[in-house]
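Reading through the C-alpha cells given below for one structure.
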Amino acid sequence: MKRLNIVLVEPQIPQNTGNISRTCAVTGAALHLVKPYGFEISDKHLKRAGLDYWDKLEVYEYENLDEFFRRTSGEYFFFTTKGKNVYTEFQYPDNAYIVFGREDKGLPERLLYKNKESCVRIPMRKDLRSLNLSNSVAVAVYEILRQWDFPDLTREGNLTEYEW
C-alpha cells in the first residue's frame, strides 16, 4: 500500500485534530503532529471527536518544524490559502506529506516562500477566509486516494435489513 502522511503544524482546536485523526484511521494515513498544540493530547474533546479510533492510528509527534523535517523524508505539499497552485493539479507520490498549518494563522510564510512550487490551494471564494481545517484535510486526502485508486479501502457497503 502507498503511504500518505498528514501533518498538522501547531494545531489549536482539539475537535479538528480529533476529526482528522478519524480520517487518518479510516484511510490508513499516518498522522504527524508538530508542537506546540493549543490543547493536551489527552483532551476529552480530542478523544471524543476521534471516538474509538485513536488506538488505530500511526501517530508521530515533533517538538517543532525543524525536528519534523530532520526526522522525515519524502515529497511535501503545503496546503495554504496563499498557494498559487490548485491541489488537483499535482500527482501525489507514495510517501507524500500533506502539511497544514494552525487554524488561526496557517503555515509560516517563510516556509511557504521557500517552497513556492509545493504550495497548494483548495479553490474557494476570495472574500472568505478558509475552509475548516478538518474539512480541508478530508478534501486533500480523498483527492490523493482517488488518484491512487483507493488502495486497500472497501468500495462497497451492506445494508443491515436488506440484501443488495
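What follows draws every value from the coordinates through simple rules; no lab data is involved. Because the structure is predicted, anything quoted here is derived from the model rather than measured. Note that we place each Cβ from the backbone using ideal geometry, even for glycine, and neighbour counts take in every protein chain shown.
For the stretch 99-112, a residue qualifies if it is at negative phi and in contact with a strand residue (DSSP E or B) (Cβ under 9 Å, 6 or more places away or on another chain), and the qualifying residues are Val99, Phe100, Gly101, Arg102, Leu107, Pro108, Leu111, Leu112.
Look at (1) within 19 Å of Gln147 (Cα to Cα); (2) touching a His at 6+ places or on another chain (Cβ under 7 Å); (3) of a type outside the set (Val, Ile, Thr) and you find that Glu89 fails only one, number (2). Can you work out which of the residues in the stretch 114-148 that are in contact with a Lys or Arg (Cβ under 8 Å, 6 or more places away or on another chain) and in a strand (DSSP E or B) is farthest from Phe77 (Cα to Cα)? Looking at the filtered set, the residue picked out is Arg121.
Exactly one residue among Leu133, Leu111 is within 19 Å of Ala30 (Cβ to Cβ) and among the aliphatic types (A, V, I, L, M), and that residue is Leu133.
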